[in-house]
Amino acid sequence: MSLKHGMLPVLCSVALVGSGCGASTTDTDAGVDAGAPLGPGASLKCDSSGKNAWDTYGVNAFVAVNEAIFANVGAESTAHGTTNLGNSFSKIGSGTPASTADSAATFKGKLAAFLVYAYGGPASITYTDHVTYTGPQNMTGAHVGLNITSAQYDYFVSNIVVPALTSNGVPAGAGGASAPNDVSSCFAPILVDAAFKASIVGK
Ligand code: HEM
């Protein structure tokens, strides 16, 4: 399925509805969280478009990528058990530790909200379950007690998140306008940022 910007209105009313139901360059655009700060990825420019990830890919792509992240975690668990990601995902919904209190459905909505916000979209979104979720979340609080290792984090980014992007049409070419690498230009910098990683690992 193509995930080009032109498809946004198709899914906007049924899949994930941002405050402005679509992409926005600034928070002062009509209907899109006026006055709210934009996330750290808002200023990143995708090779393919010269615009940030939210403005380039929009609502249905973010839904698809978010769903793919969860599908990839499931496939990883089936294929390799806890070898590469540890056992924290098996604790979802258990409440032990407290950071796992949210159900899988709530986790999915909150991750979507985080991703939308982090990459330049509105701070709140209504997901496919018609529940409104707000980003950003406190990443340290969300992972306290999970003892996620640096290796698990790196594996998650490389083997779960990046494939979720590329399998949904985000290019990972050599770079530049002729062979765009949107993974590197407008998605990866947030996740490989040392301070961001440190907010999740070892908590
Ligand atoms: C790319 C870096 C990551 C991001 C952006 C991220 C994002 C999030 C967000 C937004 C939440 C809050 C969800 C909620 O409160 O329900 C969360 C919780 C969680 N994360 Fe992460 N995460 C990352 C890395 C990881 C890794 C590497 C693991 C495991 C190996 C992990 C496992 C979990 C678990 C188990 C929860 C608790 C879910 C629950 O409440 O039941 N995360 N994460």
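Quick one: would you say residue 196 is under 28 Å from residue 50 (Cβ atoms), surrounded by 14 or more Cβ atoms within 10 Å (Cβ to Cβ) and among the hydrophobic types (A, V, I, L, M, F, W, C)?
For residue 196, the condition - under 28 Å from residue 50 (Cβ atoms), surrounded by 14 or more Cβ atoms within 10 Å (Cβ to Cβ) and among the hydrophobic types (A, V, I, L, M, F, W, C) - is met.
Residues in the stretch 52-71 that are surrounded by fewer than 21 Cβ atoms within 10 Å (Cβ to Cβ) and under 25 Å from residue 195 (Cβ atoms): how many?
Summing the residues that are surrounded by fewer than 21 Cβ atoms within 10 Å (Cβ to Cβ) and under 25 Å from residue 195 (Cβ atoms) in the stretch 52-71 gives 1.
With the checklist (1) in contact (Cβ under 8 Å) with a residue 24 or more places away in the chain; (2) assigned to a helix (DSSP H, G or I); (3) within 9 Å of the ligand (Cβ to nearest atom) in hand, flag the one item residue 89 doesn't pass.
(1)
Select from the stretch 99-142 the residues that are near the ligand (Cβ under 9 Å from one of its atoms), over 21 Å from residue 71 (Cβ atoms) and part of a helix (DSSP H, G or I) and list them in ascending order.
Across the stretch 99-142, the qualifying residues are 99, 139, 141.
Throughout, read-outs are computed from the coordinates displayed, never taken from laboratory work. These numbers come from a predicted model, not from an experiment. Here Cβ is always computed from backbone atoms with ideal geometry, including for glycine, and neighbour counts include all displayed protein chains.
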